[in-house]
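Enquirer: The following block contains the structure, expressed as structure tokens.
Derivation of every value follows stated rules applied to the coordinates shown; laboratory data play no part. For clarity, every value in this text was computed on a predicted model and none was experimentally measured. Note that each Cβ is placed from the backbone with ideal geometry, even for glycine, and that neighbours are counted across all protein chains shown.
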Amino acid sequence: MWHTHRKPVAVVREWTLPIPERRAARAERRVEAQLRRERDSEWTPERRAAAIEAERRKWDFMCS
């Protein structure tokens, strides 16, 4: 699991930004976190389909 902890220096540096830029930085972190969750997900449609196909092949092999 990804940690959301940021270094204190990064937090203080962000406080020096104007408010719109702080909001943009926060939004960018949220988007990057979402992309990581989607990329690293074990249950993407492709992986799910591959797992189902592997199970089907396993049972076809065992039952024939």
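Enquirer: Can you tally the net charge around Arg13? Count Lys and Arg as +1, Asp and Glu as -1, for every other residue whose Cβ sits under 14 Å from the Cβ of Arg13.
Expert: +3
Enquirer: Something else now. Return P(r) of the chain (all Cα-Cα pairs; 5 Å bins starting at 0; whole %; ordered from short to long distances).
Expert: Reading upward from the zero bin: 3, 14, 14, 14, 11, 9, 7, 7, 6, 5, 4, 3, 2, 0.
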